[in-house]
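K.L.:
The structure that follows is given in the form of structure tokens.
The values are calculated or read from the model by the stated rules, or taken from the named source; none is laboratory data. No experiment lies behind these values; they were computed from the predicted model shown. Don't worry about glycine lacking a Cβ; one is built from the backbone with ideal geometry, like all the others, and counts go over all protein chains shown. Side chains included, ligands, DNA and RNA excluded: accessible areas come from the protein's heavy atoms. Shrake-Rupley method; radii C 1.70, N 1.55, O 1.52, S 1.80 Å.
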Amino acid sequence: MKRLSWREWLKTITFYEILVGMKATLSHLLHYKPITLQYPHEKRTLPDNYRGMLALLRYDDGTEKCVGCDLCEAACPSRVIRVVSAEVPGEPTKRYSKEYYMDMTRCLFCGMCVDACPVDALGMTREFEWAVYDKRQLHLNKEQLLAIGDRAFPVREKRLELQHPNVAFFNVAFKHVPHKPN
Ligand code: SF4
Ligand code: SF4
């Protein structure tokens, strides 16, 4: 049987390995700093890319951005979104979402609907305080989603045809924008 050196004996009788393993725990015990935030009086700073409650957005003249294309509905992996689209009355080349519903009890906050939207009509806000007693309150309709967008995104874009006049030539419904020179 191998004889232990005096160092090994000392380590054995002082539980050296256990003390090394407990080093981080003992350090926290001696230099204790509370990390608990007294929510809701104290709130954590959210990261810049935080993905919170979804919202429908408007252009700066108040018109809804959504053109009822259903791409968000198709992109959503959780079947949160339901779009009922219709023609804009009197403008047969244009569509809009007549009804728009989101069941936020199912949302993963993955952002795929936002990425899928061709006209940036959806945005993710920094709102997260949406605890409710009745989950039916998280079934949101178009007006509720637009209201969230109105308060979360006060700075709005110009209408697309005013940002990029060339796109108006593909849409005869916009009579007020300049015509393409011959
Ligand atoms: S964030 Fe993801 S899960 Fe939520 S509605 Fe959009 S696509 Fe669906
Ligand atoms: S929110 Fe965007 S992707 Fe969804 S229906 Fe409206 S325009 Fe299409």
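K.L.:
Sort out the exposed loop chymotrypsin sites (Phe, Trp or Tyr not before Pro) in the chain (DSSP loop, at most 10 other Cβ within 10 Å) and tell me the longest stretch that has none.
P.N.:
Value returned for the longest uninterrupted segment is 33-132.
K.L.:
Put one equal scatterer on each alpha carbon of the chain, apply the Debye formula with no solvent term, and list log10 I(q)/I(0) at q = 0.11, 0.13, 0.14 1/Å to two decimals.
P.N.:
The Debye formula, applied to the Cα set alone, gives -0.64, -0.79, -0.88.
K.L.:
Suppose R0 equals 25 Å. What FRET efficiency, 1/(1 + (r/R0)^6) with r the Cβ-Cβ distance, do ARG95 and VAL155 give to the nearest 0.05?
P.N.:
Efficiency, rounded to the nearest 0.05: 0.45.
K.L.:
Mind grabbing the accessible area of ARG159 for me, 1.4 Å probe, Å², rounded to tens?
P.N.:
For ARG159, the solvent-accessible surface is approximately 40 Å².
K.L.:
Further question on the same structure: Which whole-angstrom value gives the distance between the alpha carbon centres of region 1-54 and region 119-136?
P.N.:
Computed from Cα coordinates, the inter-centre distance equals 37 Å.
K.L.:
Okay, moving on. For region 54-155, which whole percent of the accessible surface, found with a 1.4 angstrom probe, sits on carbon and sulfur atoms? Walk me through the numbers before you get to the answer.
P.N.:
On the way: 3080 of 5830 Å².
For region 54-155, the apolar C and S fraction of the accessible surface comes to 53 percent.
K.L.:
Ok, one more. Report the dimensions of region 54-155 along its three principal axes from the alpha-carbon atoms, largest first, rounded to Å.
P.N.:
Here the spans come out as 43, 28, 24 Å, largest first.
K.L.:
Another question, then. Any chance you could run the full-extension gain for LEU4 through SER85? It's 0.36 nm times the residue separation minus the Cα-Cα distance, nm to one decimal.
P.N.:
Working it through step by step, the gained length comes to 20.9 nm.
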